[in-house]
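Here is the structure we will look at.
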Amino acid sequence: MSTVGKEEGPEEEELYEHHRFVAGAGQEPLRVDKFLMNFVENATRNKIQQAAKEGSVYVNDIPVKSNHKVKPNDVVRVLFSHPPYENLLTPEDIPLDIVYEDDTLLVLNKPPGMVVHPGHGNYSGTLINALIYHFKNLPNNSSDRPGLVHRIDKDTSGLLVIAKTEEAMTHLAKQFFDKTSKREYVALVWGHITEDEGTIEGNIGRHPKNRLQNTVFEGEEADKGKPAITHFKVLERLGYVTLVSCRLETGRTHQIRVHMKHIGHTLFNDERYGGDKILKGTTFTKYRQFVENCFKILPRQALHAQTLGFIHPVTGKEMYFETEIPQDLQECIDKWRNYTVHQSAI
């Protein structure tokens, strides 16, 4: 019997599948291709053998052939490469909420629930599928993603700038790299933040035990991961939750979600980081029902990319954009505001 652990490829490089399995203590010697057939969903033996030929099947971190015998407690890994996703992309007539557009770039307001670019399990319905339908000959970035200068998570709403020319791509990418672009988010987080404002610093990297999460490294491990800085400011205290504005100095994967959890204020209804549970407040039935109703109103993490600023790559003019808080997040905020007023009146 084998114990199985599977990890997907990191978000930054989603053009492959990465599976990891640990053979159980009672594992009978078995060819690695047959072993993997038992655990990799939808994988054919030919696909596994091809991966072995490419040197992408590992036992205890050593590349092996498909006839290698797996033994008890062996750690087996396999990487399946996808063909470049642009060959798989289909233009799709998906409406775009365009805030600004000229011959060089466009700024759009991404709705929650839309994946920004194709990756494992998401080859359609993404923002890029929509972009290549509405715009021809968009420049590729360093990851061959047409028009994409930066990105936000699937369930985060808000502003993105898209490059329409090579010049714009180069110029805008440098601004993000040099940290001269301006990005502010609105977030609803668990708990009462006592400080009016503050700065969170801490290297962010992949969580060593939960590969779907990132984490802040501290102490002897402080040099792991990548440097990340988030500035926050309290906008409104709403009892058991706080509305904050977060300004990014860096742009790491899940940065705000990770940093806010790190200081004890996980984003409201952030399922991946544990914010989909009652983290603050009472255990009374009425309160529990109130929070569950808020989760239904806002079935995602409470995060919105509200403002975006940069220098126009052609005119040199400073551009600044702001978008309204989306309906689901606004309704959730209003519900907490009304609850707080009601509680203070009792």
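Is it the case that ASN141 is free of Cβ contacts under 8 Å to residues at least 60 places away in the same chain and either assigned by TED's automatic domain parsing to the domain that holds GLU318 or within 26 Å of ARG300 (Cα to Cα) (or both)? Outline the logic, then answer.
On the way: free of Cβ contacts under 8 Å to residues at least 60 places away in the same chain: yes; either assigned by TED's automatic domain parsing to the domain that holds GLU318 or within 26 Å of ARG300 (Cα to Cα) (or both): no.
So ASN141 does not fit the description; no.
Just give me the residues in segment 300-325 being of a type in the set (D, E, K, R) and surrounded by 14 or more Cβ atoms within 10 Å (Cβ to Cβ), in sequence order. First the steps, then the outcome.
Of the residues in segment 300-325, the ones of a type in the set (D, E, K, R) are 300, 317-318, 322, 324.
Across segment 300-325, the qualifying residue is only ARG300.
Could you please let me know if THR266 is touching a helix residue (DSSP H, G or I) at 6+ places or on another chain (Cβ under 7 Å), closer than 30 Å to PHE310 by Cα, in contact (Cβ under 8 Å) with a residue 40 or more places away in the chain and not acidic (Asp, Glu)? Lay out the reasoning, then the answer.
On the way: touching a helix residue (DSSP H, G or I) at 6+ places or on another chain (Cβ under 7 Å): yes; closer than 30 Å to PHE310 by Cα: yes; in contact (Cβ under 8 Å) with a residue 40 or more places away in the chain: yes; not acidic (Asp, Glu): yes.
Yes: the conditions hold for THR266.
Which of the residues that make up segment 153-165 are touching a Gly at 6+ places or on another chain (Cβ under 9 Å) and modelled with pLDDT under 95?
Taking segment 153-165 first, the residues touching a Gly at 6+ places or on another chain (Cβ under 9 Å) are 154-155, 157, 162-164.
Within segment 153-165, just LYS154 meets the criteria.
Residues being modelled with pLDDT of 95 or more, in contact with a strand residue (DSSP E or B) (Cβ under 6 Å, 6 or more places away or on another chain) and not hydrophobic (A, V, I, L, M, F, W, C): count how many of those fall in segment 204-239.
Count: 4.
Could you please find all residues in segment 209-225 being over 30 Å from LYS335 (Cβ atoms) and either loosely packed, with under 14 Cβ neighbours inside 10 Å or of a type in the set (Gly, Ala, Ser) (or both)?
From segment 209-225, those over 30 Å from LYS335 (Cβ atoms) are 209-211, 215-225; that's our starting set.
Listed by number, the residues that qualify are LYS209, ASN210, GLU218, GLY219, GLU220, GLU221, ALA222, ASP223, GLY225.
Can you name the residue in segment 326-341 that is surrounded by fewer than 17 Cβ atoms within 10 Å (Cβ to Cβ) and either β-branched (Val, Ile, Thr) or outside the structural domain of LEU267 (by TED's automatic domain parsing) (or both) and is also modelled with the highest pLDDT among such residues?
Per the stated criteria, the residue is THR340.
For segment 226-241, which residues satisfy the criterion of being under 22 Å from the mean Cα position of the chain (by Cα) and surrounded by 18 or more Cβ atoms within 10 Å (Cβ to Cβ)?
Across segment 226-241, the qualifying residues are ALA228, THR230, PHE232.
Condition test on ASN109, is it more than 23 Å from ALA302 (Cβ to Cβ) and either of a type in the set (S, T, N, Q) or in the same structural domain as LYS317 (by TED's automatic domain parsing) (or both)?
Values: more than 23 Å from ALA302 (Cβ to Cβ): no; either of a type in the set (S, T, N, Q) or in the same structural domain as LYS317 (by TED's automatic domain parsing) (or both): yes.
Against the criterion (more than 23 Å from ALA302 (Cβ to Cβ) and either of a type in the set (S, T, N, Q) or in the same structural domain as LYS317 (by TED's automatic domain parsing) (or both)), ASN109 does not qualify.
Can you list the strands (runs of 3 or more DSSP E) found entirely within segment 117-208 that contain at least 1 residues being surrounded by fewer than 16 Cβ atoms within 10 Å (Cβ to Cβ) and not basic (Lys, Arg)? It would help to see each step written out before you state the result.
Numbers: elements: 157-163, 182-190, 197-201, 204-206.
Here the list reads 197-201.
Looking at (1) aliphatic (A, V, I, L, M); (2) touching a Lys or Arg at 6+ places or on another chain (Cβ under 9 Å); (3) without any contact (Cβ under 8 Å) to a residue 40 or more places away in the chain, find the lone condition where ILE193 falls short.
Answer for ILE193: the failing condition is (3).
Restricting the search to segment 324-340, which residues are of a type outside the set (D, E, K, R), closer than 18 Å to VAL234 by Cα and free of Cβ contacts under 8 Å to residues at least 24 places away in the same chain? Even if it seems obvious, please write down each step before you answer.
In the first step, residues of segment 324-340 are kept if they are of a type outside the set (D, E, K, R); the result is 325-327, 329-330, 332-333, 336, 338-340.
Imposing the further condition that a residue be closer than 18 Å to VAL234 by Cα reduces the set to 325, 329-330, 332-333, 336, 340.
Result: GLN330, single match.
The values are calculated or read from the model by the stated rules, or taken from the named source; none is laboratory data. This is a predicted model, so every value here is computed, not measured. Every residue, glycine among them, receives a Cβ derived from its backbone with ideal geometry; neighbour counts consider all protein chains shown.
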